[in-house]
Structures are given as structure tokens and as C-alpha cells.
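These notes are about the structure you will find just below.
Just so you know, all these numbers are worked out from the coordinates, no wet-lab data involved. The shown structure was predicted, so the numbers you read here are calculated from the model rather than taken from an experiment. Ideal geometry is used to build each Cβ from the backbone, glycine not excepted, and the neighbour counts take in all protein chains shown.
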Amino acid sequence: MKARLNAILRRTKGGPRADVLRFGRLEIDHGAREVRLDGEIRALTSHQFELLLILARHAGRVMSRDALMELAKNERLEAFDRSIDVHISRIRAAIEDDAANPRRVITVRGAGYVFAKHQD
């Protein structure tokens, strides 16, 4: 029993956690469902967190609105549904230094959004 506890402590102590994605000053902790910028927790709804997590896990790849909706909610996007855009703008307000000039979640005109691999 003691050996098992020591092994668990060894795996969790001090080392980077597998469920935390780090991009410069931004951390996305999947296990705790928290987003931190410079160590400060940023408030996101559950849906916004899912969208950010999907984008971050596919960093550098353009994700269409349809793909984001399917991955986040397992639903197809309605033809004129722009709710993803609203969620993205709120995510930017939470994690960008300047939401009007985003460096993390970038719009690719006519294609969707991309999460920048290299930041700060």
C-alpha cells in the first residue's frame, strides 16, 4: 500500500500535468476546467471552455464553425447560426490582451478560427 501511495505522489508531485495545456502566459487546465492568464483564473462558461479547449488541442489548424459546433456539442450548425462567433468574442475578451487585435484565437476569413501555436 505504501509503495502505491509513493508511486502516486511521485507521478503527481512537481512535474507538469498532462491535462494542462500551456501556451506562453496562457494555461488551460482540462481537469480543473480552468483557464489562467498570468496565473489569474479567467471566467468562461462551460461551452466557451469546450470551444477554447478544442481550438487549443488543434493549435495551428483552422477549425471551421461547423467543426467547432460538432466537436463541442455534437450538433450541426444551422445555416445562419453565428453563436460560435459570439462565444469566440467572449473567449477573446477573457484571454486576449487586446480582444480587438487577437493573437491567440485568430479569425481566418471564410474558413473559421485558428488557435496560434506560438504566443508570448
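Expressed in nm to one decimal, what extension gain is obtained for the pair R33 and A100 from 0.36 nm per residue of sequence separation less their Cα-Cα distance?
Extra length from R33 to A100 when fully extended: 21.6 nm.
I'd like the chymotrypsin sites (Phe, Trp or Tyr not before Pro) in the range 19-96 restricted to DSSP loop residues with at most 13 other Cβ atoms within 10 Å, sorted by number.
Loop-located and lightly packed - F80.
Residue separation times 0.36 nm, minus the C-alpha to C-alpha distance between S89 and H118: what's the value?
Working: separation 29, 0.36 × 29 = 10.44 nm, distance 2.02 nm.
Gain in length upon complete extension: 8.4 nm.
Over the alpha-carbon set of the range 44-115, divide Rg by the Kirkwood Rh and report the Rg/Rh ratio to two decimals.
In the range 44-115, Rg relative to Rh is 0.92.
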